Every structure is written in C-alpha cells, then in structure tokens.
Amino acid sequence: MWALLLACFHHPAPEPAKPAPQAIYFVMVDRFANGDPTNDADADPNNPVAFHGGDLQGILEKLDYIQGLGFDSIWLSPIAQMRTEPFFGNGAFHGYWVQDPARIEPRFGDEATLRALSDAIHKRGMKLILDVVYNHVSFDAPLRTEKPEWFHPALPIQNWSDPVEVVTHEVHGLPDLDQDRPDVVAWIEDWSRKWLALAQPDGFRIDAVRHMPTSFLHNLFVDLRTEAGADFYLLGEVFDGNPLVVKDTLEKTGLSSVFDFPLHYAMVDVFCKDQHPGRIASVLSLDPLYGDPGRLVTFLDNHDLPRLGSACGEQDPKVEAAISFLLSMRGTPSITWGTESALTGEKEPENRKSMNWGEAAPFAALIRKGLSERSPLWSRGRSWTLELSETRLVLARHCSQADGCGREGRSGLIVVQKGEGSWSLPAGMVAGRVLRGPEVHDRVLHFPTGGVAVVELERALTLPETVPLELDLPEGVRLVGAGPLLGNWNPDLGKAGEGGQVRWEAEEGTVLAY
C-alpha cells in the first residue's frame, strides 16, 4: 500500500529550461561550402543566379570553423525541396521558393546527412535552427494545382499599410496560403512535426511573419512547443522598422524572439551613412516597450539587405565600428556568413555570394574577441544615454542582479566617436577593463580617427531617475514622434500644447525622435 501511495505522489523533477541562443551564425546552404560534389547537378559557381554546390555535408565539415568564431547556434536557410530554375532572372538557390516542404532538397543532401549534421552540432553543445516557410509556396509548386482552394486570390500587395492586404495578398507574386483554413493548418503542422522528428532542431526561424495571421501563428507555436518542449526557440522575421509593430507581433504570436529591424536600420544609418548618432539612442530609448529587449536578435545585414561592406562603402573602419557596437548590444547577435571575410553585395544576387574560402577574413578576430567577451552586462543589460552630439554617442550599460550580475550589479560604457576626438570620464566614474577601442589615459579616451570604445566600469552606476519635461509649443501645433509617448508618428495621437507648453515625464538619458 505504501509503495502504491509513494508511486502515486512521486513527481520527477522538471528538466531545466534550455538556454536560448547566445550568438547565431546564419548560413545560406548553397552559398557556404560544397562537401559532396555528387549532389551538385548543374551547379555553376561562376553564375550568380545558379546553384553553387553548397550542401549540408559542407556545413558539417566547417563546424570547427563556426564554433571557433564563438557561435553557439547555426541558422540554416530553408532545406526543403525547392524550385531549382531561375524565375525571370532571379535565382532559386536561396530555398524560399518551396515546392514540397515535407521533403529535403536533394541538392543539399539526404535525411541521413541532416541527422549527422544535427548530431554533430548537438555533441558540441551548439544549437540548430531551421528556416521554415509558412506563408507561401513556389510559383509552380504542385500544391497550387492540387489544392487551389488553399490559396488566397492571386492579387499583389498594393497598400503595404493595409493589415488585411498584407496578410491576404501575394508577396512578390508567390502563391499565398490561406492559414484560416483548418486543412491548411493541419498540413503545415504535419510537415513541421516531420522536421522536428527528423532533425531534432532547437528552433525554427519563421519567414515572413507579418504576412500571416497572428492567431494562426500563436496556435501553431503552442502546438509546436507541446511537441518539441516549452523552450523550443521560435525566431520571427518581422520586416518592419517600427518598434511598436515589432513589439505587438512579438506579444500576439508568442514568438521567442524577433529580429531587431529598428536597431538594424539605426546602426546602418549611423555607422555607414554618417547620420546623427541620435538615431541609435532614440531606438534604444524605446527598449522598455519590449519588456525584455535582451531577447531580440540584433544584426547588421542578411540575405535580403545590402551586405555590411557595401552599406558602409567597403570602408574597413566603419565596418569594424559597426561590428564592435553590435557585439556590445543587448540581445542575441546574428552574423551572416562571410561578414567576417568582408563579403559585399548591394542587392540580390550579389548580396548572396558564396563564402570566399581561402581569402583573408579581416573581421574574424574582432568577432571572435567580441563574442568571447560578452556577458550579461552586454547581452541583458539596459541602456541609457550619457552624452549625445552630432559626432558622439556615449551609452551607459547596466546589468542588475536579476540579469545575472550580482547583488551590486555591473555597469559599462559604449562610446561611439565619429572622427577624431576625445572623451573624459565624468567625476566619480572609474574605468575597469577596456574590451575594445583606445585605452583610458588620465581618465580620457583618445580617438585619433574615431571608432567605438567598450569599457567596463569598476563600480555600478546609479540608475537614471524620472524627470519632468516641458517644451514651448505654439497654439495649434502638436509634438509627434517615435513611440507611444509621442503618438508613434501619428499626428492625431501627438501631444498638443496646453497654455503654450507640452509637459510629460521621462527617464534621464532618454532620447526622443520627434
């Protein structure tokens, strides 16, 4: 009897949650490494829109390289069976024109190779993230004729601000699945489970999130986590520079994380296009919107955007400063294949070049060093602005006990200097280690040609206080700007003056774009 009672009341201890990715290396499978020439078919590395022969075996053989750079997670572009012929001059090698989402693309390998790759990644303590496409299929996918009722009418998106049109119309002419249909949802869940069982990935990267109903995604994610575990990582592409849109999508869908497009645009503007550093400061001032901005995935380029070397005009100092800043930011940094070896390209297909093995990798050491120095101070901490001008941005970073930085917390500085200049530490601030940038001499940082300095402080900073703000505002004029405080650029929601003034409260160190 006692044995029976003990058995009834015994509950095994729950397994600890798996940590989220800390640093992601993005690989476009066809463009990385050719490990198996027998599956090359008509690959032609000299043709920018043709397949180049990259495959899963090639990635397997390069795991030492990826892990050696400091990455703990690998995100693969889609590996499902895809269209292989160019379409109106555009190459199909990227994998986002899916023919059969339940089968592996033969040019990339077979199921045994995928399992071997997954096993090798996991034996290293690394994570595997697979790219899945739920929004559409290829132009000529068999499903288009087999199940025509599964698709929305073939209409292009004309008004990208119309929430209905963005979800129900075609993106770049690709047949748009109707995820409001239960049979479509069942089909998607079925092939998603196949990949979970076959590859045992640690997460999915979800393509084209803004083009699907949030209710569909929320329910799908609940089912996926029931199957794969509560900590299954779901990373969404919300291709929008508005922090409110990103935040709302993150909350409504239940995604683990989203790419930080608002910060991406700000970093490229400041480091590559010489815009005012306030662009970055104002984006970071909206971090409280996210609740936990440390779960965002930060990046400087990807396969849909100009490569960093092209965005910065192939100027190494600008690229170096941008990478150094990225690796000091909150969140999970994501680096695209070849950024370390200065791959360039303005748009497709040039921004999807093959990895240039055998050539110099001028930024590999910087990436390796930056990733090795990341701690909760940089990945989880909060930011506020200490100084801002046209040529300088000084950010304070603070990590609390709740973030994993001990009872007293830890603080640091990120100094962005555009062109020659010097910056003196304020009274009472004591520099510790300088992780990157010029050394501190007599409490001064000297920048002969500009750049980024990342400095740990010996003592934690006092957190900023909330202060009242007042601004003279003529009658009939509204103050409109970024974030809910200033109406998110909607004139109807901006702040109107009362008695010739507008009043509100904000934390010290907040920068408002208006």
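Among residues of the stretch 469-514 being under 30 Å from Arg397 (Cα atoms) and among the polar types (S, T, N, Q), the one that is surrounded by the most Cβ atoms within 10 Å (Cβ to Cβ) is Thr510.
Taking into account only those residues within the stretch 446-463 that are small (Gly, Ala, Ser) and within 21 Å of Leu327 (Cβ to Cβ), which is surrounded by the most Cβ atoms within 10 Å (Cβ to Cβ)?
Taking the stretch 446-463 and keeping what is small (Gly, Ala, Ser), we get 450-451, 453, 460.
Subsequent filtering for residues that are within 21 Å of Leu327 (Cβ to Cβ) retains 450-451, 453.
Details: Gly450: 16, Gly451: 22, Ala453: 24.
Among those that are small (Gly, Ala, Ser) and within 21 Å of Leu327 (Cβ to Cβ), it is Ala453.
Filtered by the rule that a residue be open to solvent by 60 Å² or more (accessible area, probe 1.4 Å), closer than 21 Å to Glu340 by Cβ and part of a loop (DSSP other than H, G, I, E, B), the stretch 37-61 gives a lone residue, Pro45.
Please pick out the residue among Leu386, Leu371, Leu296 that is open to solvent by less than 10 Å² (accessible area, probe 1.4 Å), in contact with a Gly (Cβ under 7 Å, 6 or more places away or on another chain), modelled with pLDDT of 95 or more and not charged (D, E, K, R). Break it down into steps so the answer makes sense when it comes.
Working: Leu386 fails: open to solvent by less than 10 Å² (accessible area, probe 1.4 Å); Leu371 fails: open to solvent by less than 10 Å² (accessible area, probe 1.4 Å).
Sole residue among the options that is open to solvent by less than 10 Å² (accessible area, probe 1.4 Å), in contact with a Gly (Cβ under 7 Å, 6 or more places away or on another chain), modelled with pLDDT of 95 or more and not charged (D, E, K, R): Leu296.
Taking every residue in the stretch 102-115 that is of a type outside the set (A, V, I, L, M) and pairing it with any residue that is at pLDDT below 95, at least 6 positions away or on another chain, the pairs with Cβ-Cβ distances below 6 Å are Arg107/Ala41.
If I filter the stretch 54-74 for residues that are more than 30 Å from Leu366 (Cα to Cα) and either modelled with pLDDT of 95 or more or not acidic (Asp, Glu) (or both), do I get at least one hit? No, the stretch 54-74 contains no residue that is more than 30 Å from Leu366 (Cα to Cα) and either modelled with pLDDT of 95 or more or not acidic (Asp, Glu) (or both).
Here is a check on your reading of the model: is Leu486 touching a strand residue (DSSP E or B) at 6+ places or on another chain (Cβ under 7 Å) and free of Cβ contacts under 8 Å to residues at least 60 places away in the same chain? Yes: the conditions hold for Leu486.
Taken over the stretch 197-211, the criterion of being open to solvent by less than 20 Å² (accessible area, probe 1.4 Å) and within 15 Å of Asp131 (Cβ to Cβ) is satisfied by Ala199, Pro201, Gly203, Phe204, Arg205, Ile206, Asp207, Ala208, Val209.
The number of residues in the stretch 156-196 that are outside any helix (DSSP H, G or I), open to solvent by 70 Å² or more (accessible area, probe 1.4 Å) and free of Cβ contacts under 8 Å to residues at least 12 places away in the same chain comes to 5.
The values are calculated or read from the model by the stated rules, or taken from the named source; none is laboratory data. This one's a predicted model, so the numbers in the text were calculated from it and none came from an experiment. Positions of Cβ are backbone-derived with ideal geometry, glycine not excepted, and every protein chain shown enters the neighbour counts. Calculation scope for accessible area: heavy atoms of the full protein, side chains included, ligands and nucleic acids excluded. Shrake-Rupley method; radii C 1.70, N 1.55, O 1.52, S 1.80 Å.
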